[in-house]
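Since the structure comes first, as structure tokens, the remarks are kept for the end.
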Amino acid sequence: MPESFQIDEQVGDGTRTILRVRGHLNAATTGQLLNHARSIRTRGQGLVLNLSQVSFIASSGVGALLALGEEYREVGLEVCYAELSSVVDSVIKLLNLDSFLTIAATEEEALRRAA
């Protein structure tokens, strides 16, 4: 049975919203993440994306992370990726994407960085 996918939203600091993602980030689930994050961008808020509970990330998931970063930058907002799971962290480092993504060790650090 596939692991369930879940996105929990929490108000950050008034200018950013925190999304906590859980489960597999793959072709079947990236659309949900993109839609949710895009609705936050439409509200004019930055995004802290907590990936600590992502247990698998496919190439489509990596593509979604990069796309979100670009989409937010285009409108003057920021995405900060926080608390990367070991799975996500290893893929990001393997692909040398850590120089393209704003990454923070904790949600609190992400909120401070983007302030």
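The values are calculated or read from the model by the stated rules, or taken from the named source; none is laboratory data. Just so we're clear, the structure is a prediction, and the values are computed from it rather than from any experiment. Cβ atoms come from the backbone with ideal geometry, glycine included; neighbour counts cover every protein chain shown.
Some values worked out for this structure:
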{"quantity": "Candidate set from region 73-101 (those that are hydroxyl-bearing (Ser, Thr, Tyr) and either modelled with pLDDT under 95 or over 12 Å from the mean Cα position of the chain (by Cα) (or both)); member that is surrounded by the fewest Cβ atoms within 10 Å (Cβ to Cβ)", "calculated": "Ser99"}
{"quantity": "Qualifying residue in region 40-50 (condition: on the phi > 0 side of the Ramachandran plot and in contact with a strand residue (DSSP E or B) (Cβ under 6 Å, 6 or more places away or on another chain))", "calculated": "no"}
{"quantity": "Residues being over 18 Å from Ala110 (Cα atoms) and either touching a helix residue (DSSP H, G or I) at 6+ places or on another chain (Cβ under 9 Å) or crowded, with 20+ Cβ neighbours inside 10 Å (or both) - total across region 8-27", "calculated": "4"}
